[in-house]
Amino acid sequence: SHSPLKAVVSTQSTGLMGEQPDIRDLILSHPLLGSSLQQLLDYPDGDVEEVFMLDFVASTTGLFGETITHHLVEGGDKIPVTSENKHEFVAKYVDYVINTSVSKQFDQFKKGFDMVASHSPLKAWFRPEELEKLIVGTPALDFKALQGVTRYDNGYSADTDVVKWFWEITHSMTDDDKSKFLAFSTGCGLAPVGGMGEMTFVIVKNGGDSERLPTAHTCFNVLLLPEYSSKEKLQKKLYLAIQHFEGFGMI
């Protein structure tokens with residue numbers, strides 16, 4: 001699932017810390033574009049102009065799918081990219097995509113960040129990648145670690161059949177579905193700083209076999225799970241609950 005906050009922080013964590021982003025940041029935020037520009041930088045021969053046929057113009061896609069072109073320098077459409085100037089071209093392209101093209105949105109975000117960080121040692125304590133983890137968490141979702149810290153209530157235990165089925169189902173989920181489930185049950189699709197072993201998570205029995213979907217108290221990381229009669233039924237209801245949650249635009 002795509003998180004707007006994560007997108008902002010992932011691409012702008014260097015900018016928040018007062019550093020200039022480079023091709024590595026672009027590869028993280030725009031993998032295809034970043035990899036293409038890295039290929040240009042790595043190209044060893046002198047016929048860059050003939051092979052790549054680029055000029056000093058950046059192209060991005062607008063909100064409605066339209067192509068937006070931007071001259072990276074004045075008269076950029078008439079300046080070919082060559083072996084001699086390709087590093088300048090890539091630096092200006094990175095700056096445009098990560099800084100200039102989103103400056104209006106990012107300036108507001110940075111203003112709020114600076115209000116919080118200006119009188120704290122935050123910038124001295126953290127590198128950009130550490131700041132990103134602090135704000136948005138870590139993408140690694142270790143459900144075995146989560147299982148290890150989970151508590152059970154209202155008649156459930158680690159030995160209850162539906163609990164065993166639950167962990168079999170969640171362990172076999174794709175990373176995307178794990179993120180969706182985590183967002184459904186805790187309100188955030190990323191692991192906290194320190195990993196999922198640092199979380200509090202509770203599975204509570206919510207009645208016997210039922211046609212109701214699982215529900216959650218996201219503020220308290222509590223999953224309310226009926227005691228479904230089969231693993232297949234649990235899996236169906238769990239996935240329906242995740243999709244129902246996503247349908248309201250919460251992920």
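Things worth noting here:
- Amide H partners (placed H, <5 Å) of Phe201, local residues excluded: Arg151
- The Cα-based radius of gyration of segment 170-251, divided by its Kirkwood radius, gives an Rg/Rh of 0.95.
- More than 15 angstrom apart: percent of Cα pairs within segment 177-217: 50
All of the numbers you see were taken from the coordinates with simple rules; none came from a lab. Keep in mind that what you see is a predicted model, and the values were worked out from it rather than measured.
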